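For reference, the structure discussed in these notes is given below.
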Amino acid sequence: MSDKKASNQMWGGRFASGPAAIMEAINASISFDRKLYAQDIRGSIAHSEMLAQTGIISAADQEKIAHGLNTILTEIEAGTFEFSTRLEDIHMNVEAHLAELIGPAAGRLHTARSRNDQVAVDLRLWVKDECFRVAEALKGLIAAFLERAEEHAATVMPGFTHMQAAQPVTFGHHCMAYVEMFSRDLSRVRDAIERMDESPLGAAALAGTSFPIDRHLTTRALGFREPMRNSLDSVSDRDFALEFLAIAAICATHLSRLAEEIIIWSTPQFGFVRLSDSFSTGSSIMPQKKNPDAAELVRGKTGRVTGHLVGLLTVMKGMPLTYGKDMQEDKESVFDAAETLDLMLAAMTGMVRDMTVNAAAMKKAAGAGYSTATDLADWLVRTLGLPFREAHHVTGRAVALAEEKKVGLDRLSLEDLQSVHPDITADIFSVLAVQNSVKSRTSFGGTAPSEVRKQIRYWKKRLAKA
Ligand code: ARG
């Protein structure tokens, strides 16, 4: 076997034609950046219009270009456009076909432009659109939570720290915690849209151009607020993609925490909620089972979204200014994170809407584990004027007594309670029941139903304006 043959074998059967085929395979992005076709065509039409308005190309050529580009748009949407790997990416695929359609005028489109500012504007437009989609989806999820919160403003459940029952709270209050979290995600999306609302088009390869272009025209045509001020930054910046991924990762993390809670709540041991059939599956072997697959997948997919953030941060960290082909690796991360997040948001919204809440099971669990012990201690401080540390001690004795008698705190007799502190009166029972405990927590942001209803009103008003 000759050396030549051996090295050819190393390239493997897929690359029968040698280095050129390998280069084409590693270089081409058309398999994924075809997703940018609409943005690419929109950007090109805006660019051609600007070129005509500034007299850089003729109006007749511009008309041909725009007509050709619109034909290509129709072809791609109809599925009749033939994408070619040899033509590397969406930009060259579109331009090559434009030449087939309209002839030499097509060659004028790329005047005062480079694929560097072209891809930057395409991806920005795409990410900006996706941010609006995520904002809408978040609003839907928040609305679902507001509805559940309203329904369950007074439904008592255990509140946990360390996954141990800590103090009773209301399910409405718990729902409203998620409203806060997802509203922060929404505000992050909006901030990011503000920052990415600048057009890189017209930076050309990196240094700007000697043609008398008007970047404000393309900026306006593409719906950006203003042009980016530095041409080097315009072609090398991917902060907008990183920010989107960071927002997606944080939001996915919120969704994952929620998924985890739903998984726990829907176990027969907890039985706090029952998932609808549409968001769970049965087991092929164990007929009694109903598995929270959708919630588990939301929890699982979070790894993917966070992975994309870390992936792109790692791609960008060593990039000298300005453009480098490494940056072609930005797209798959962004596309997959977007698609995954959209699906996760839709699934969670459905689950929250459809799940049946078992208020009785929640209430029963809320009373377990001496969850009103803090209420007892607070009563001793408030009513008898005990220092909190001493009250804590007395309460400890009451809990020990309840444990010994195998009853809840509210099932101890007045006599029992007076044996731990002689000044305790029957009024103590007003705080030992879980409903009374939650009702008393009226501090701002607290779990009292009255307070929860205030939070609901606040968010409804705020979201109506949003
Ligand atoms: N396909 C490339 C990308 O996605 C387009 C830009 C290519 N620019 C270049 N100078 N080779 O990044």
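Overview of results
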read-out	value
15 Å beta-carbon shell around N358, net charge (K/R +1, D/E -1)	+2
Structure-based [θ]222 nm, the chain - -39500 (n - 2.57) summed over DSSP H runs of at least 4, per residue, nearest 500	-21000 deg cm²/dmol
Stretchable slack from R397 to D239, in nm (0.36 nm times residue separation minus alpha-carbon distance)	51.1 nm
Residues S430 and Y458, FRET efficiency given R0 of 35 Å [Cβ-Cβ distance, rounded to 0.05]	0.75
Positive-pole candidate from V127, L73, P104, dipole of region 69-128, charges at beta carbon	V127
Gap separating the Cα centres of region 46-122 and region 216-253, nearest whole Å	23 Å
In degrees, nearest ten, helix 373-384 long axis to first principal axis of the chain (Cα)	60 degrees
Dipole in debye (nearest 20) - region 14-94, about Cα centre, beta carbon charges: Lys, Arg +1; Asp, Glu -1	180 debye
Members of K35/K64; K363/K439; K290/K363; K139/K461; K289/K364; K139/K460 lying beyond 19 Å, as alpha-carbon distances in this model show	K35/K64; K290/K363; K289/K364
Karplus-derived HN-Hα couplings along region 452-465 (A = 6.51, B = -1.76, C = 1.60, θ = phi - 60°), whole Hz, x at Gly and Pro	4, 5, 5, 4, 4, 4, 4, 6, 4, 5, 5, 6, 5, 7
Normalised contact order of the chain, rounded percent, pairs of Cα under 8 Å and 6 or more residues apart	16 percent
Proximal charge balance of R184 [Cβ under 14 Å; K/R count +1, D/E count -1]	+2
Tilt relative to the chain, helix 239-265 - C-alpha long axis, 0 to 90 degrees, to 10	30 degrees
5 angstrom amide H check on G159, placed H, neighbours 5+ away	A166, Q167, V169
Positive-end extreme of charge dipole, region 107-232 - chosen from A207, A166, S187 (charges on Cβ)	A207
Within the chain: Cβ-based charge dipole about Cα centre, in debye rounded to nearest 20 (Lys, Arg +1; Asp, Glu -1)	880 debye
Estimated inter-spin distance, E136 and E100, nm [label 7 Å along Cα→Cβ]	3.3 nm
Trypsin sites (Lys or Arg not before Pro) restricted to region 307-379 and DSSP loop, no more than 13 other C-beta within 10 Å	K317
Fully extended contour minus Cα-Cα distance, from S276 to A346, at 0.36 nm per residue	23.7 nm
In nm, spacing of pseudo-spin labels at S413 and D197 (7 Å Cα→C-beta vector)	7.1 nm
Potential extension, E390-S84 segment - 0.36 nm per residue separation minus Cα distance	102.3 nm
For the chain, with +1 on Lys and Arg beta carbons and -1 on Asp and Glu, the positive-most of G324, G385, A221 along the dipole	G385
For region 226-309, radius of gyration divided by Kirkwood radius, i.e. Rg to Rh on alpha-carbons	1.27
FRET E, pair T161, R225, Förster distance 56 Å, beta-carbon r, rounded to 0.05	0.80
Nearest-20 debye value, region 260-332 charge dipole, Cβ charges on Lys, Arg, Asp, Glu	100 debye
Whole-percent pair-distance distribution, where bins are 5 Å wide, for the alpha carbons of region 368-466	2, 13, 21, 20, 15, 9, 7, 5, 4, 3, 1, 0
Normalised convex hull volume, the chain, alpha-carbon set, Å³ per residue	238 Å³
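Computed from the coordinates by the stated procedures, all read-outs in this text should not be read as laboratory data. Since the structure is predicted, the reported quantities are computational estimates derived from the model, not experimental observations. We place every Cβ from the backbone using ideal geometry, glycine too, and count neighbours over all the protein chains shown.
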